[in-house]
Amino acid sequence: MNTLDRSAAPALALNDIGQVRIRTSRPLVYDGYTKNRATGAFILIDRLTNMTAGAGMLLDPSEAGDGHWQDTPQGGHLAPSGRVVSAEEREKRLGQKPFTILFTGLSGSGKTEIARAVERRLFDLGRFGAVVDGPALRSGMSRDLGFSRADRSENLRRGMELAKAMNEIGLVVLASFTAPDASVRAKARELVGGAQFALVHVSTPLDACRRRDPVGLYRDAAQGSVKDVPGVDFEYDQPSDADLTIPFHDLGAPDVAIRTAVERVMALLDARGVIRK
């Protein structure tokens, strides 16, 4: 085994936990730790002292959280067709710039309701928005996915690829995903492109989401019939980089809350120059 990559890495004290990248001199056969702990774990032995220097687990790419975000496309003869309609022509025809808003929040936070209401507002203004709903995606292109963190990451990746394609034809995309992991949300921003992307955090707390529980998710989680619920079975990373935070639970009666949330989202789009006057 070759040496560890320690570039710019701080030293770890006894019993500290860290993440390292190890280069090997030949391929290793292993199982993901969650599938087989015996062949998915390892220890590092100091060859001079014969003492254990460290221990760890090996994760499949999907388990590691990166999923397919960085995969190289298969096939060597990919030649995307060239555009015959420019972005400028689309902007002039549609009266808007392409843009993607990712609404993130716990299940039941109100993010999809807000996305749909913004879609309605855009349509009434003669503009074109399209909602990409994470749960709805699971009935089609993501029907093969479960609800683990890795599967949630992949569902978001597919949604962002769809959003990017919609942006290329000039649409404003309103994407509603729980997206519990901050690192995965950062990948979404990178994939779409920061100049035409905004993160909106619908910050309804867990207790309020439980009271709303529009699809009975938290009821079923309490009964043990569903698992992998963000905020219940694992942590939801509160966004520190949101472009807009909407405390939907604090905005009053449902109709007032929706109107207020829509106005705030439209102000964000206006500030980004998305809607042409």
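Values in this text are rule-based calculations from the coordinates and carry no lab data. Computed from a predicted model, the values in this text were never measured in an experiment. Cβ coordinates were reconstructed from backbone atoms using ideal geometry, including for glycine residues, and neighbour counts include every protein chain displayed.
Of note:
- With Cα atoms defining each centre, segment 180-255 and segment 106-166 are spaced 13 Å apart in the structure.
- Percent of alpha-carbon pairs separated by more than 30 Å within the chain: 42
- Residue list for segment 150-180, given a label point 7 angstrom along the Cα-to-Cβ vector of L78 and an amide N cut-off under 15 Å: 158, 161-162, 164-165
- For K111, the aspartates and glutamates whose Cα falls under 19 Å of its own Cα, not counting residues fewer than eight places away in the same chain, are E119, D133, D181, D207, D213, E235, D237, D241, D243, D250, D255, E263.
- Spatially, segment 72-101 and segment 21-55 are offset by 45 Å when compared through their Cα centroids.
- Debye log10 I(q)/I(0) for segment 168-277, one point scatterer per Cα, at q = 0.09, 0.14, 0.15, 0.17 Å⁻¹: -0.30, -0.70, -0.80, -0.98
- Least to most buried among M160, M141 (fewest other Cβ within 10 Å first): M141, M160
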